[in-house]
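The values are calculated or read from the model by the stated rules, or taken from the named source; none is laboratory data. All values reported here derive from a predicted model rather than from experimental measurement. Backbone-built Cβ (ideal geometry, glycine too); neighbour counts: all protein chains shown.
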Amino acid sequence: MAINEVFPNPTVKKVIFQIRFPALFAMESLVGDLQVKIMDRFPDSRLLQQTQIVLTEIGPEGIIEQIPQEHRPGAVRKIWRFQSESGTVLNVLTDSLDLTSEVHKTYNNPDAHECFRDAIRLAVDNFLEVTRIPNLTRIGLRYIDDCPVPEGEDAVFSQWYNTTFPLDRFSIHDAVELLFAARVRRGEHFVYFRELLTKKEDKSSLTLDFDGYAENVKAADYLTVTDRLHEIVAAEYEASIKEPVYRHMRKAKQ
């Protein structure tokens, strides 16, 4: 069934949106204009510096000049970080923009107080207006879900999830870690899916990780493509869970 409700206790714990583009040398002089445009929604701002640590095989000649300047050991990357009062974080780099939220419960449900799509649109529309970037090399929309693991044997787990784990061979009861990953095409775009179950001190944890992405997109089409990526991710999520998970999400958060 299509998910058309806002759950009081959703499994999603983090959602990340990212665009990548060719390195923009003028970013340092443009980011102030962006800050002014988004200051009402992202009032907390700071400049971070990230030192690159690269582990790479550069060959017997050891010519470090063959490594791109921005990836050489000791190189420093600037990150302009903006944060909303609710904790949503916007990072701007010379070659990417990403938005991370642990508070949004829906992408675009009109009944919700806050939608992640609105935050994306605010950030990216203003960013493109300031930078005038015509093309994006990649758009990504990723959902990380922390899902309940029911007590009981494999049959109970299978009542909750359309799991990718071969439980007939590797039982949940005996598992310390189970991992399945797949990267597949969905029409013109792609999705990377990961299902991970870990056990620590006899307590199991299940992570469902959905990363939809598109490559080589016109900047003017970013929101249409992002909407499509959300549809792809939502379909994969719906294909992974069963009715007991819906009931769990409808309960008040403990």
Legend entry - Matching residues, the range 151-185, being in contact with a helix residue (DSSP H, G or I) (Cβ under 6 Å, 6 or more places away or on another chain) and buried (at least 16 other Cβ atoms within 10 Å of the Cβ): TRP160, LEU167, ILE172
Legend entry - Single condition ALA75 does not satisfy, out of (1) modelled with pLDDT under 95; (2) in contact with a helix residue (DSSP H, G or I) (Cβ under 9 Å, 6 or more places away or on another chain); (3) of a type in the set (A, V, I, L, M, F, W, C); (4) within 30 Å of PHE7 (Cα to Cα): (4)
Legend entry - Residues located in the range 77-112, provided they are among the small types (Gly, Ala, Ser) and part of a loop (DSSP other than H, G, I, E, B): SER84, SER86, GLY87, ALA112
Inset, instruction - State yes or no: is LEU136 hydrophobic (A, V, I, L, M, F, W, C), touching a His at 6+ places or on another chain (Cβ under 7 Å) and either surrounded by 13 or more Cβ atoms within 10 Å (Cβ to Cβ) or farther than 20 Å from PRO10 by Cβ (or both)? - result: no
Inset, instruction - Working carefully through the options VAL233, VAL217, VAL225, find the one that is more than 16 Å from the chain's Cα centre (by Cα), closer than 25 Å to ASN108 by Cβ and not acidic (Asp, Glu). - result: VAL217
Legend entry - Hits in the range 205-239 - residues which are out of contact with any Leu (no Cβ under 6 Å at 6 or more places or on another chain) and not in a helix (DSSP H, G or I): SER205, LEU208, ASP209, PHE210, ASP211, TYR213, ALA214, GLU215, ASN216, LYS218, ALA239
Legend entry - Subset of the range 6-45 that is touching a strand residue (DSSP E or B) at 6+ places or on another chain (Cβ under 6 Å) and either loosely packed, with under 12 Cβ neighbours inside 10 Å or of a type in the set (D, E, K, R) (or both) - its residue that is farthest from GLU238 (Cα to Cα): ASP44
Inset, instruction - Report, by residue number, each residue of the range 240-254 that is farther than 10 Å from PHE7 by Cβ and not in a helix (DSSP H, G or I). - result: SER240, ILE241, LYS242, ALA252, GLN254
Inset, instruction - Under 9 Å between Cβ atoms, at least 6 apart or on separate chains: pull out the pairs that start in the range 171-191 with a residue that is within 30 Å of THR226 (Cα to Cα) and end on any residue that is among the hydroxyl-bearing types (Ser, Thr, Tyr) and in a strand (DSSP E or B). - result: LEU179/THR198; ALA181/TYR192; ALA182/TYR192; ARG183/TYR192; VAL184/TYR192; HIS189/TYR213; PHE190/TYR213; VAL191/TYR213
Legend entry - Within the range 113-145, tally of residues that are outside any strand (DSSP E or B), under 20 Å from the mean Cα position of the chain (by Cα) and closer than 21 Å to GLU5 by Cα: 7
Inset, instruction - Might you check whether a residue that is within 26 Å of the chain's Cα centre (by Cα) and at pLDDT below 90 occurs anywhere in the range 10-25? - result: no
Inset, instruction - Looking only at the range 30-66, count how many residues are modelled with pLDDT of 95 or more, part of a helix (DSSP H, G or I) and polar (S, T, N, Q). - result: 1
Legend entry - Enumeration of residues in the range 146-170 that are more than 24 Å from the chain's Cα centre (by Cα) and hydroxyl-bearing (Ser, Thr, Tyr): SER158
